[in-house]
């Protein structure tokens, strides 16, 4: 029986049909879970799962959950994760979250069960002429398998490409008849197709970059998502210490993970084009950063004209994309930073006083921003209503370095970054993609990948409605994630936009299309079988959180926050 | 002020910015509602809504709801309905249901708020390079407006094309900066751009078709969705009576509306390729039908070889798409049927006995199928568990001709067609699109369009999870639709597919990926502020239904049905 074949078998083996070939390829790649929301086209796939106990099928009740769970799983493991979606309608439902995976270079492999080839040409049920159009914008590679005996080869390639640097989503369409067809399907040896595609940068450019950094008087480092993605925080810390340089994270909207320890003495908050240290730096090193996932075009220059930029990223299209760049390094962030550390050499006192002073000023600015946030928080927390910052201060005191915070809180995410990340050295997972509801499946996928970590998700009330079906999966599989639903009863981001726009809405105080108050999310959560508690006074939060932690499955704490506390009005 | 301009002004007028031009064009076309789930890109649009009280913004909390509400509204009114979606992620979330609108030729106009043109080229936040790829497969026309002063013209065109025969969805992308730009935007006179595009068929072909029908001995009519869409039931009834021909609806999966009165003496159930009357007919007239939205390719011939087909449809691509066709009539169904009625002339006794006998046999077959369904229903209803057919028999007794049934019940829809449509002359709205959750927004959109009708939606438990956010909108606007959630705790369609596949799942009785039991949907509904009641015994159903009818807003009756009652295993 094909299922008994050794996974270390080095040569091509053969499965009995397309569906079994799918499982054979997955197990060879070490894929142990497939997140799915199936339809009738997936019958052969589901049936084959009976034979493969080492690859489990995780059922979701909406494709957006399957994709975001795979995304969370892929980000946490650094390995390809697979979502199996049903026909044109299921694929469409998963696309918004696939955009998030695409931005994060998260290796999510989309398998898409298609109706039989005999009705695709006839506009048959749930078929569409350009099925790959939905996926191709967010996939590194997309294909529809044309013959049953190619399924193994094609899926092997989808996994290979997703896992090769720069990682990212891939797409494979699999027609029902080809999955079902009883034929010999070759299964390639995965171990002969693993291509890390990690590269070191051009040594000449490293030499130039290290001279520029070494001779700088006021260097600034922007720590980007690629550093976190490839686990190069150690290398970046060493470099920052040797240069005695302040390090900022990407800007509020671009930042998706902690790429430099927030408790480190060189950490100086978020990048902001208007900050003094950006204006005063004599070189800016964009380490694995993106520049940027812009919310709007900046009125002011993002980087001061004349300040040389050094940009390191695995993706050449990110380099010099908008801003003139002195040195562009295409490479894996870990390898590239290691090269730079070596080239820069050990710490030298050259420009020592200037650098120390620059770092101190950067740190002082960061401290004053945090103090300001605390003051604002205290001001608001004196009222009867719960402010987001006070809530997050409270939550911070309950988290530690074993916590992973999944952030899909939209307007509250500025406060999450200042009030949580500044105070707790937790893991942090967010998206620059703006696809509401992404955080719910992602939190569950993260927990499955890192069961020993305490996973806490912070989501808005609007977001929670988008991701509700995720509760079904989490209850069914008893996935213990604690959700903090910040219920301000509104689409606060839209309200903020109306304030900025300054028209009749802002003048009259009537904001059409923003009031989503009404639902009792704790009650709804209990209807799914989850723990659910509504908190209306901050003093009740800690007890609710501790009860939630004890629950064997998903727990939802709905916090009724001040409806007027909608986060920053300005976009930057 | 632009809002004060007369809507009957015949010439081009001017709006003050793109957003106001949107409203000016909409009111001129008589569009009184825009279904939206906004983001920050829609600020100017929302702000402009303050000035236009005759176009109301209907807020939804998920784009799938906005699109399906617009679809329901468009189908019920026969006029274009507008959904305004937010950027790439919002558009993607609405696409699965747009497929349903596409199949039904429902004139849904998608407006898509895009980020400013200044960041679209930079892969900015929620932008994507091929945004129109998402919509183009389901839209008759798609465009992204390039200049602020073209917004009026472009939207006018989107509405014009959606409303022209054959109707269907259109798409228009509107960038934030163009909507906000203060500039003079021409607003075309809608009344000079209305193009019905209704056509009569080629008279030579009508003559041939009428001769063929008049001389036939055993003619069979298939009543298709186009007949219902353009309101040509009267013409079809007349034709059927003159020919004394049995009339069947499209097949179970293709049928989306009642295109021939089910209480009429010539009605003979659903088309089935295996039925005797299809095999014996000497001519088959496909009146506004599709052939077909096929679930799978048929093993047997769908039409007997040699039986001449006459096919009438507004869409030339539907004609002779798969099956060889004797006479293909491209025309509006109402005009084409009127021509045929005239050409066939008054009833003649030619072949009278043969026809009468053929009709009687068709009716007898239909009666026996209904009796069989009733017998099966009674058999199942003797058990303690609720069977779907018994439930629907019960429901049928509570409905009448003022009821509209929206059917998104997947595997139960066979029973809906036999047990409801055969017994109650209600309106019927379904989709051939298979996009789960479609029925929820559609039911609410239908109710808004026809407030005097009693709208009842029948949905599966899986479907209900997909459409949950729709409850928010219905509670907020107090839209009184009664939902019957058939809770069999499973993806029954997948289970049926596994039975058909006949592999380890069917043999072992363990069906992976199908068990979605657990949630208490009545409880969840109450969490949204809706009426919610769970029914576990059939005797409690009527009282629950009567309570639900009294509720001022959406009401959900969750009926716990026999988990083994999963509808027909076979696909045809």
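Just so you know, all these numbers are worked out from the coordinates, no wet-lab data involved. Computed from a prediction, not measured in an experiment: that's the story for all the values here. No Cβ is skipped: glycine too gets one built from the backbone with ideal geometry, and neighbour counts run over all protein chains shown.
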Checklist outcome for this item: at residue A:397 the sorted inter-copy label distances (label 7 Å from Cα on Cβ side), in nanometres, are 6.3
Next on the checklist: Rounded, prolate or oblate for region B:14-192? Axes are the square roots of the Cα gyration tensor eigenvalues, ordered a ≥ b ≥ c, and the cut-off for rounded is a/c under 1.5.
Outcome noted: rounded
Checklist outcome for this item: Scoring chain A by relative contact order with C-alpha pairs under 8 Å, at least six apart, yields a percentage of 13 percent
Checklist outcome for this item: Under the helix-only model (-39500 (n - 2.57) for each DSSP H run of 4 or more, divided by the residues of chain B), the mean residue ellipticity at 222 nm, to 500 deg cm²/dmol, is -11500 deg cm²/dmol
Item to check | Inter-label distance for residue A:397 and residue B:540, nm, one decimal - labels placed 7 Å from Cα along Cα-to-Cβ | outcome: 4.6 nm
Next on the checklist: Whole angstrom only: what separates the Cα centroid of region B:209-285 from the Cα centroid of region B:56-112?
Outcome noted: 31 Å
Next on the checklist: Expected output is a single nm value to one decimal: the length gained when fully extending between residue B:118 and residue B:238, i.e. 0.36 nm times separation in residues minus the C-alpha distance. What is it?
Outcome noted: 37.2 nm
Checklist outcome for this item: Sorted shortest first, the nm distances from the residue A:146 label point (7 Å along Cα→Cβ) to its counterparts in the other copies are 3.6
Item to check | Length-normalised contact order of region B:16-152 in % [C-alpha pairs under 8 Å, at least 6 apart] | outcome: 24 percent
Next on the checklist: For A:560, A:277, B:69, which order do you get if you count the other beta carbons within 10 Å of each Cβ and list the fewest first?
Outcome noted: A:560, A:277, B:69
Next on the checklist: Looking for one value pair here: nearest-to-axis residue in chain A (by Cβ) for the rotation onto B, and the distance in whole angstrom.
Outcome noted: A:133, 2
Next on the checklist: With the cut-off at 1.5 for a/c, could you classify region B:209-299 from its C-alpha gyration tensor as rounded, prolate or oblate?
Outcome noted: oblate
Item to check | Nitroxide proxy distance, nm - points 7 Å out along Cα→Cβ at residue A:376 and residue B:207 | outcome: 8.1 nm
Next on the checklist: Can you compute the label reach from residue A:198? Point 7 Å from Cα along the Cβ direction, backbone N cut-off under 15 Å, restricted to region A:149-170.
Outcome noted: A:163-167
Checklist outcome for this item: In whole angstrom, the spacing between the Cα centers of region A:503-572 and region B:424-471 equals 29 Å
Item to check | Anisotropy class of region B:203-365 from Cα gyration tensor, a/c 1.5 cut | outcome: rounded
Next on the checklist: Looking at chain B only, what percent of DSSP beta bridges run antiparallel? Nearest 5 please.
Outcome noted: 5 percent
Checklist entry - What are the nm distances, shortest first, from residue B:196 to its equivalents in the other copies, labels at 7 Å along Cα→Cβ? => result 7.1
Checklist outcome for this item: So for R0 = 60 Å, FRET eff. of residue B:184-residue B:300 from the Cβ-Cβ r, to 0.05, ends up at 0.40
Next on the checklist: Can you compute the modelled spin-label distance between residue B:346 and residue B:478, with each label point 7 Å from Cα toward Cβ, in nm?
Outcome noted: 5.5 nm
Item to check | Distance from region B:384-408 to region A:113-154 (C-alpha centre basis), Å | outcome: 38 Å
Item to check | In range of the label at residue A:552: residues from region A:510-530 whose backbone nitrogen is under 20 Å from the point 7 Å along Cα→Cβ | outcome: A:526-530
